[in-house]
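The values are calculated or read from the model by the stated rules, or taken from the named source; none is laboratory data. Note that this is a predicted model, so its numbers are computed, not measured. Note that each Cβ is placed from the backbone with ideal geometry, even for glycine, and that neighbours are counted across all protein chains shown.
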Amino acid sequence: MLYINCPHCGMRSQNEFSYGGDASVKRPELNKEVSDQEWDNFVYNRKSLRGKHLELWQHISGCRQWIKIERDTATHEIFRTFKADEEVA
Amino acid sequence: MQKYSIFNLVKNAFSNHQNWDLAWKDPTPKEEYDVVIIGGGGHGLATAYYLAKEHNITKVAIIEKGWIGGGNVGRNTTIIRSNYMHDENGLFSEFGMDLWRKMSQDLNYNVMFSPRGIINLAHSDAQMNAYARRGNSMRLNGIDAVLLNREQVKEIIPMADFSDNVRFPIFGGLMQPSAGTARHDAVAWGYARQADSMGVDIIQNCEVIGFDVSAGKINGIRTSRGNIKAKKVGLCVAGSTNILAEKLNMTLPIETHLLQACVSEPIKPVLDNVVTFGAGHFYVSQSDKGEMVMGGDLDGYNSYAQRGNLPTLQHVLTEGIAMMPFLSKLKMLRTWGGIMDMSMDGSPIIDKTHIEGLYLNCGWCYGGFKATPASGWTFAHTIAQDRVHELNAGYSLNRFSTGHLIDEKGLGTKTWIS
């Protein structure tokens, strides 16, 4: 069982959360020409790192906010959690 | 190579079975090979076997970080089927079914292929219609499919819950009678033994730490046991695909996820077929030892841990108990996890890459085991001929850019969509 420290609600069990994938992926800016490769990278291509991974989760059975989590994909250790709009240093 | 037969079994009994040949050797890596296959799992071993058998390429090495058959080919639920709707998946898998049927003879190794049939249960009228459509698509591709009504299903699996007050009543099901199971370890060992006998070097405990690429062409690999030159290199590493891709500066439409399975204590024969729950993701069959072999959804987040968490197991088994209530009386014997190369459309990739001489075989999601022979056969063809076979033409790497996705279930990595 993962325990996730929701920045809004505090420590809750994994059961209350839903996974949303790699949080480092950025949607292309739409005010300029976007190449097929850029769309490809946004929609499909993923690094799927082994080790520290910044990812999106949604607290669906809690505050329903999207949050960011820094987690180790090999050990499942969670290092830090952030609000969705928080900059990760 | 010593043939496995009743006569050799009797003969060796006189020497207390102390004088059998080794099934495969433990060679030290040579300086150069024509083809290096990275990954000594089912697909890698099958690829090496078909390279030697079909294309007469025997200067081949299989490079395995751990031991052969220690990854997903030793961690799956052994189900073999070709009940797909899309042509790409159906024709590819049905070609594989043919190889499965001949495999024990072909490899001189009993892989215990048991075509016991698979039943996908339907729990609504809409699902029956969808299954009728899938069944018709299968039959058009020459795959056997039978649509069963509730009574017919009840006759085959009377232990399922047919009471009136269930949340997901059984309306019927789609059956592929020729589907079944096989002994997973035997598949790996059978391919390894034959490949070895034809001159393939199976190199275990050898980790790939880098690639030697120059001017867009592969020249070899760097390993924990030294550098190896190779004209062609095939990647066949399932859940570790992204780790090797990073060393090649490639980003792939693949995420590595965790999938669990479990078996109950052994019980007397109760279930003849493979059965899947249609209102979620759960499947069950009974092994020859009597254990109920069960599996279902991914844990749902990126992971390389090869071990799962209880919430997903609980979720999966809740579906199982909804389908077959007697399962709740059984004790759990073992649970385990493996890491899956989940592609974005849920279908695999067997293709060339932008690097000359580098070939990619990945994206097997939930269905790697049953694809073992067909994957090895087509990957060997792709490597040997330097072009894809028509059977794996649809499994291209660039289909995500061009929009030719094969969305059999429209899932892939995104389990929350289901």
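Specify the residue that is farthest from B:GLY280 (Cα to Cα); the eligible residues are those in the stretch B:132-162 that are touching a residue at least 60 places away in the same chain (Cβ under 8 Å) and crowded, with 16+ Cβ neighbours inside 10 Å. By that ranking, first place goes to B:ILE143.
For first residues located in the stretch B:394-418 and at positive phi, partners that are part of a loop (DSSP other than H, G, I, E, B) and at pLDDT 90 or above and lie 6+ apart or on another chain with Cβ distances below 8 Å form the pairs B:GLY410/B:ASP345; B:GLY410/B:GLY346; B:GLY412/B:MET344; B:GLY412/B:ASP345; B:GLY412/B:GLY346; B:GLY412/B:CYS365. Here B:ASN165 meets each of (1) surrounded by fewer than 21 Cβ atoms within 10 Å (Cβ to Cβ); (2) modelled with pLDDT of 95 or more; (3) polar (S, T, N, Q) with one exception, condition (2).
I'd like to know if the stretch A:45-52 contains one or more residues that are more than 8 Å from chain B (Cβ to nearest Cβ) and either closer than 23 Å to A:PRO28 by Cα or in contact with a Lys or Arg (Cβ under 9 Å, 6 or more places away or on another chain) (or both). For the stretch A:45-52, residues more than 8 Å from chain B (Cβ to nearest Cβ) and either closer than 23 Å to A:PRO28 by Cα or in contact with a Lys or Arg (Cβ under 9 Å, 6 or more places away or on another chain) (or both): present. Report yes if B:VAL316 is part of a helix (DSSP H, G or I), modelled with pLDDT of 95 or more and away from chain A (no Cβ under 11 Å), otherwise no. Judged against the criteria, B:VAL316 is a match. Scoring B:ALA61 on the criteria (1) more than 23 Å from B:ILE157 (Cβ to Cβ); (2) of a type in the set (A, V, I, L, M); (3) assigned to a helix (DSSP H, G or I) leaves a single failure, condition (3). Could you check, for the stretch A:2-10, whether at least one of its residues is among the aliphatic types (A, V, I, L, M), closer than 19 Å to B:GLY412 by Cβ and surrounded by 14 or more Cβ atoms within 10 Å (Cβ to Cβ)? So far as the stretch A:2-10 goes, no, none of its residues is among the aliphatic types (A, V, I, L, M), closer than 19 Å to B:GLY412 by Cβ and surrounded by 14 or more Cβ atoms within 10 Å (Cβ to Cβ). In summary, strands (runs of 3 or more DSSP E) completely within the stretch B:195-240 and bearing 2 or more residues that are touching a helix residue (DSSP H, G or I) at 6+ places or on another chain (Cβ under 7 Å) occur at B:208-214, B:226-235.
For the stretch B:66-120, filtered to residues that are among the small types (Gly, Ala, Ser) and more than 25 Å from B:GLY135 (Cβ to Cβ), the residue that is surrounded by the fewest Cβ atoms within 10 Å (Cβ to Cβ) is B:GLY66.
Considering the stretch B:276-313, and only residues there that are more than 14 Å from chain A (Cβ to nearest Cβ) and small (Gly, Ala, Ser), the residue that is nearest to B:GLY173 (Cα to Cα) turns out to be B:GLY278. Screening A:ASP40 on (1) more than 9 Å from chain B (Cβ to nearest Cβ); (2) over 17 Å from the mean Cα position of the chain (by Cα); (3) of a type in the set (D, E, K, R) shows it passes everything except condition (1). Out of all the residues in the stretch B:110-126, is one or more in contact with a Pro (Cβ under 6 Å, 6 or more places away or on another chain) and in a loop (DSSP other than H, G, I, E, B)? Among the residues of the stretch B:110-126, at least one is in contact with a Pro (Cβ under 6 Å, 6 or more places away or on another chain) and in a loop (DSSP other than H, G, I, E, B), which makes the answer yes.
What do you reckon, is B:THR378 within 13 Å of chain A (Cβ to nearest Cβ), among the polar types (S, T, N, Q) and either within 29 Å of B:LEU107 (Cβ to Cβ) or part of a helix (DSSP H, G or I) (or both)? No. Between B:ILE350, B:ILE321, the distinction of being free of Cβ contacts under 8 Å to residues at least 60 places away in the same chain, in a strand (DSSP E or B) and closer than 23 Å to B:ASN76 by Cβ belongs to B:ILE350 only.
For the stretch A:7-25, the tally of residues that are away from chain B (no Cβ under 11 Å) and either touching a Cys at 6+ places or on another chain (Cβ under 6 Å) or over 17 Å from A:PHE42 (Cα atoms) (or both) stands at 6. Scanning the stretch B:111-149 for residues that are hydroxyl-bearing (Ser, Thr, Tyr) and under 17 Å from B:ASP272 (Cα atoms) returns a single hit, B:SER114. Within the span defined as the stretch B:363-372, every residue fails to be surrounded by fewer than 17 Cβ atoms within 10 Å (Cβ to Cβ), in contact with a helix residue (DSSP H, G or I) (Cβ under 7 Å, 6 or more places away or on another chain) and part of a helix (DSSP H, G or I). Reported count of residues in the stretch B:373-383, each being in contact with a strand residue (DSSP E or B) (Cβ under 8 Å, 6 or more places away or on another chain) and either without any contact (Cβ under 8 Å) to a residue 40 or more places away in the chain or surrounded by fewer than 23 Cβ atoms within 10 Å (Cβ to Cβ) (or both), is 1. Counting the residues of the stretch A:33-76 that are out of contact with any Phe, Trp or Tyr (no Cβ under 7 Å at 6 or more places or on another chain), modelled with pLDDT of 95 or more and small (Gly, Ala, Ser) gives 4. Within the stretch B:229-243, restricting attention to residues that are more than 18 Å from the chain's Cα centre (by Cα) and away from every other protein chain (no Cβ under 11 Å), the residue that is surrounded by the fewest Cβ atoms within 10 Å (Cβ to Cβ) is B:LYS229. If you check B:ASN249 against the conditions, is it more than 14 Å from chain A (Cβ to nearest Cβ) and surrounded by fewer than 20 Cβ atoms within 10 Å (Cβ to Cβ)? For B:ASN249, the condition - more than 14 Å from chain A (Cβ to nearest Cβ) and surrounded by fewer than 20 Cβ atoms within 10 Å (Cβ to Cβ) - is not met. Evaluate the stretch B:176-193: report whether one residue or more is over 22 Å from B:SER93 (Cα atoms) and in contact with a Cys (Cβ under 7 Å, 6 or more places away or on another chain). Within the stretch B:176-193, none of the residues are over 22 Å from B:SER93 (Cα atoms) and in contact with a Cys (Cβ under 7 Å, 6 or more places away or on another chain).
Might you check whether a residue that is within 11 Å of chain B (Cβ to nearest Cβ), touching a residue at least 12 places away in the same chain (Cβ under 8 Å) and within 29 Å of B:GLY403 (Cα to Cα) occurs anywhere in the stretch A:72-88? Scanning the stretch A:72-88 turns up no residue that is within 11 Å of chain B (Cβ to nearest Cβ), touching a residue at least 12 places away in the same chain (Cβ under 8 Å) and within 29 Å of B:GLY403 (Cα to Cα). Looking across the stretch B:375-418, the residues that are modelled with pLDDT of 95 or more and small (Gly, Ala, Ser) come down to B:SER375, B:GLY376, B:ALA380, B:ALA384, B:ALA393, B:GLY394, B:SER396.
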